[in-house]
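The values are calculated or read from the model by the stated rules, or taken from the named source; none is laboratory data. These numbers come from a predicted model, not from an experiment. Note that each Cβ is placed from the backbone with ideal geometry, even for glycine, and that neighbours are counted across all protein chains shown.
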Amino acid sequence: RISQRDWQLGVVTTAKPASLRLTLLPSGYPTYTTSILLDSVEWMRPVALNFGGAGAEFWTPAGAWSFTLSNLPANRTLYDVTDPLRPVKIPLNAGATATLHQSASVAPRRYALARL
């Protein structure tokens, strides 16, 4: 008998490890050919959005959030590129530090800060 199981396991911790070990164990039946397929691993850690005067790409989780962007280049433009075929220019206040207010979204958002 062949069985297939689809499952998702979420692990949350307040620790900030630099690495993660994932061990996939076979069925334990010596006569049963075991196949373990890993579709994806998602790793999220809090970070400071410090751009060091350069451009960069970053992702944000779903929901409504406010983010502080620091050490921004003087000439820059921020784009929401969640839909890469329809980038949306996001206005930022002048200065080396700005606040990004993300309205509620059901999916993660993807942004690109372009240094001009």
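Name the single residue, out of those in region 56-113 being in contact with a Pro (Cβ under 9 Å, 6 or more places away or on another chain) and aliphatic (A, V, I, L, M), that is modelled with the lowest pLDDT.
For region 56-113, the residue satisfying everything is ALA62.
For region 39-46, does any single residue satisfy the condition of being in contact (Cβ under 8 Å) with a residue 24 or more places away in the chain, farther than 12 Å from GLN102 by Cβ and not in a loop (DSSP other than H, G, I, E, B)?
No, region 39-46 contains no residue that is in contact (Cβ under 8 Å) with a residue 24 or more places away in the chain, farther than 12 Å from GLN102 by Cβ and not in a loop (DSSP other than H, G, I, E, B).
Mind checking whether some residue in region 18-37 is at pLDDT 80 or above, surrounded by fewer than 11 Cβ atoms within 10 Å (Cβ to Cβ), within 15 Å of ARG115 (Cα to Cα) and not aliphatic (A, V, I, L, M)?
Checked region 18-37: no residue is at pLDDT 80 or above, surrounded by fewer than 11 Cβ atoms within 10 Å (Cβ to Cβ), within 15 Å of ARG115 (Cα to Cα) and not aliphatic (A, V, I, L, M).
Enumerate the pairs (first residue in region 93-106 and more than 23 Å from ASN71 (Cα to Cα); second residue anywhere and at pLDDT below 95 and surrounded by 10 or more Cβ atoms within 10 Å (Cβ to Cβ)) with beta-carbon separation below 7 Å, excluding pairs fewer than 6 apart on the same chain, so at least 6 apart or on different chains.
ALA104/GLY63; SER105/ALA62; SER105/GLY63; VAL106/ALA62
Considering only region 97-116, how many residues are aliphatic (A, V, I, L, M) and part of a loop (DSSP other than H, G, I, E, B)? Don't jump to the end; show me each part of the working.
Residues of region 97-116 that are aliphatic (A, V, I, L, M), as a first pass: 98, 100, 104, 106-107, 112-114, 116.
Right, trim to part of a loop (DSSP other than H, G, I, E, B) and you get 104, 106-107, 116.
Of the residues in region 97-116, 4 are aliphatic (A, V, I, L, M) and part of a loop (DSSP other than H, G, I, E, B).
Collect the residues in region 70-96 that are exposed (fewer than 13 other Cβ atoms within 10 Å of the Cβ), part of a loop (DSSP other than H, G, I, E, B) and of a type outside the set (Gly, Ala, Ser), keeping them in residue-number order.
Within region 70-96, ASN75, ASP83, PRO84, LEU85, ARG86, PRO91, ASN93 qualify.
For the condition of a type in the set (A, V, I, L, M, F, W, C) and in contact with a Lys or Arg (Cβ under 6 Å, 6 or more places away or on another chain), what is the one hit in TRP65, TRP59?
Of the residues listed, the single one that is of a type in the set (A, V, I, L, M, F, W, C) and in contact with a Lys or Arg (Cβ under 6 Å, 6 or more places away or on another chain) is TRP59.
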